[in-house]
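Everything on this sheet refers to the single structure shown next.
The values are calculated or read from the model by the stated rules, or taken from the named source; none is laboratory data. Treat the numbers as computed from the prediction; the structure is a model and nothing was measured. With ideal geometry, Cβ positions are generated from the backbone for all residues, glycine too; neighbour counts draw on all protein chains shown.
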Amino acid sequence: MASIFARIAAGEIPSYKVAADDRFFAFLDINPVAKGHVLVIPRAEVDYIFDLDDDTLAGLYLFAKRVARALKAAIPCRKVGMAVLGLEVPHAHIHLVPMQSEGDMDFRREKLQLTAEEMQAIASSIAAHFE
Ligand code: AMP
């Protein structure tokens, strides 16, 4: 069966979509460490990011760069941090997190509780800046 993230990219499971093209998809992390925490994934179903073929890996990072620019325009922050964990969901993904301080990249800390309306507003704002 397809991974949860593959099903999100296919539109079978709802998400707060931020950006997409034929090969990549970006959406809000449902348990954000900071406002605007985004996940960027390839549509290709590969668990470990460093098992992606070179072209897909390079494309994923270039797509993440465009998302990070939109993120920084939408959410005031010092910089957008990037992390790859992948210990929970077996589908390659990059975390993008708008940072005010390095604590914003602490994935062990308590996650934010945002309403569906807040999540949708954040996703729409990032999507509006994506080019
Ligand atoms: P990791 O695999 O360790 O990088 O963590 C997976 C991340 O995916 C976590 O930050 C989760 O909050 C996030 N996550 C899991 N399921 C969903 C979902 N259905 N929609 C959005 N984010 C998710």
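Mind listing whichever residues of segment 2-29 are β-branched (Val, Ile, Thr) and either in contact with a Ser or Thr (Cβ under 6 Å, 6 or more places away or on another chain) or within 7 Å of the ligand (Cβ to nearest atom) (or both)? First the steps, then the outcome.
Taking segment 2-29 and keeping what is β-branched (Val, Ile, Thr), we get 4, 8, 13, 18.
Residues satisfying the conditions are ILE4, ILE8, ILE13.
Just one of the numbered conditions (1) more than 20 Å from ALA116 (Cβ to Cβ); (2) away from the ligand (no atom under 15 Å from the Cβ); (3) under 15 Å from the mean Cα position of the chain (by Cα) is not true of ALA44; which one?
ALA44 satisfies all of (1) more than 20 Å from ALA116 (Cβ to Cβ); (2) away from the ligand (no atom under 15 Å from the Cβ); (3) under 15 Å from the mean Cα position of the chain (by Cα) except (3).
For every residue, the table says whether it meets (1) among the basic types (Lys, Arg); (2) closer than 23 Å to MET1 by Cβ; (3) touching a Gly at 6+ places or on another chain (Cβ under 6 Å).
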{"position": "LEU28", "(1), (2), (3)": "no, no, no"}
{"position": "GLY36", "(1), (2), (3)": "no, no, no"}
{"position": "LEU39", "(1), (2), (3)": "no, yes, no"}
{"position": "ARG43", "(1), (2), (3)": "yes, yes, no"}
{"position": "ASP54", "(1), (2), (3)": "no, no, no"}
{"position": "GLY59", "(1), (2), (3)": "no, no, no"}
{"position": "VAL67", "(1), (2), (3)": "no, no, no"}
{"position": "ALA70", "(1), (2), (3)": "no, no, no"}
{"position": "ALA73", "(1), (2), (3)": "no, no, no"}
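Criterion first (in contact with a helix residue (DSSP H, G or I) (Cβ under 8 Å, 6 or more places away or on another chain), of a type in the set (A, V, I, L, M, F, W, C), within 14 Å of the ligand (Cβ to nearest atom) and under 24 Å from ALA121 (Cα atoms)) does VAL38 satisfy it?
Numbers: in contact with a helix residue (DSSP H, G or I) (Cβ under 8 Å, 6 or more places away or on another chain): yes; of a type in the set (A, V, I, L, M, F, W, C): yes; within 14 Å of the ligand (Cβ to nearest atom): yes; under 24 Å from ALA121 (Cα atoms): yes.
Yes: the conditions hold for VAL38.
Hey, does segment 43-58 have a residue that's of a type outside the set (S, T, N, Q), crowded, with 21+ Cβ neighbours inside 10 Å, touching an Asp or Glu at 6+ places or on another chain (Cβ under 9 Å) and not in a helix (DSSP H, G or I)?
Step one: filter segment 43-58 for residues of a type outside the set (S, T, N, Q), giving 43-55, 57-58.
Those still in the list that are crowded, with 21+ Cβ neighbours inside 10 Å too: none.
For segment 43-58, residues of a type outside the set (S, T, N, Q), crowded, with 21+ Cβ neighbours inside 10 Å, touching an Asp or Glu at 6+ places or on another chain (Cβ under 9 Å) and not in a helix (DSSP H, G or I): absent.
Within segment 87-99, can one find any residue that is modelled with pLDDT of 95 or more and farther than 25 Å from PRO14 by Cβ?
yes
Taking into account only those residues within segment 67-81 that are surrounded by 16 or more Cβ atoms within 10 Å (Cβ to Cβ) and without any contact (Cβ under 8 Å) to a residue 40 or more places away in the chain, which is nearest to PRO98 (Cα to Cα)?
Among them, the one singled out is VAL80.
Whether any residue in segment 105-117 is surrounded by 18 or more Cβ atoms within 10 Å (Cβ to Cβ) and assigned to a helix (DSSP H, G or I) is what I want to check.
no
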